[in-house]
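Below is one structure, written out as structure tokens; comments come after it.
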Amino acid sequence: MVFTGIGRLAGYREGSKNNKNWMNAFIDDAQNPLDRLQLFVADEVQGQVRNIPIGSDAQIEARIYMRSSSNGYSQIAGSLASITVVK
């Protein structure tokens, strides 16, 4: 499922593993900063995230899906499809 809305970029972390770059973005609900999503960021969107100042409100599009964990239970996961600063 694809969701769109306004969120606040709370930060991100990135690194490399097995010669691949990875990034996770932390997006807060603009109305309630205690509600936070951690989203995987694909390679093609990582530059957009780096160019947005932390604490900025942004229009986001996220794909939310279920995945199976190692213990057999389903978990909600998500990936950031796009992000742009709200002016």
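The values are calculated or read from the model by the stated rules, or taken from the named source; none is laboratory data. Keep in mind that this is a model prediction, so the values were computed, not measured. Heads up, the Cβs are rebuilt from the backbone with ideal geometry, glycines too, and the neighbour counts pull from every protein chain shown. For accessibility, only protein heavy atoms count, side chains too; no ligands or nucleic acids. Shrake-Rupley method; radii C 1.70, N 1.55, O 1.52, S 1.80 Å.
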Kindly identify the chain as rounded, prolate or oblate by the Cα gyration tensor criterion: order the square roots of the eigenvalues as a ≥ b ≥ c, call it rounded if a/c is under 1.5, otherwise compare a/b with b/c, prolate if a/b is larger, else oblate. oblate
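Would you work out the charge dipole size for the chain about its Cα centre, treating the Cβ of every Lys and Arg as +1 and the Cβ of every Asp and Glu as -1, and quote it to the nearest 20 debye?
Values: 9 positive and 8 negative charges, 46 e Å.
Computed about the Cα centre, the dipole is about 220 debye.
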Whole-Å distance linking the alpha carbon centroid of the stretch 1-21 with that of the stretch 35-64 is 5 Å
Residues of the stretch 21-42 with amide nitrogen under 19 Å from the 7 Å Cα-to-Cβ point of Ile52? 22-42
Please name whichever of Gly47, Ser82, Leu37 sits farthest to the positive end of the charge dipole of the stretch 30-86, dipole taken about the Cα centre and charges placed at Cβ: Lys and Arg +1, Asp and Glu -1. Leu37
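Quick one: ranking Asp57, Asp43, Asp28 by accessible area, 1.4 Å probe, largest first, what do you get?
Working: Asp57 50, Asp43 105, Asp28 15 Å².
Sorted descending by solvent-accessible area, the residues read Asp43, Asp57, Asp28.
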Step through the residues of the stretch 69-83 one at a time and calculate ³J(HN,Hα) from phi using the Karplus curve (6.51 cos²θ - 1.76 cosθ + 1.60, θ = phi - 60°), rounding each to whole Hz and writing x for Gly and Pro. 8, 5, 8, x, 8, 7, 10, 7, 9, x, 9, 7, 8, 7, 8
Net charge within 13 Å of Asp57 by Cβ-Cβ distance, Lys/Arg positive one each and Asp/Glu negative one each, not counting Asp57 itself? 0
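Accessible area of the chain with a 1.4 Å probe: how many percent of it is carbon plus sulfur?
Numbers: 2900 of 5980 Å².
Using a 1.4 Å probe with all protein chains present, the chain comes out at 49 percent carbon and sulfur.
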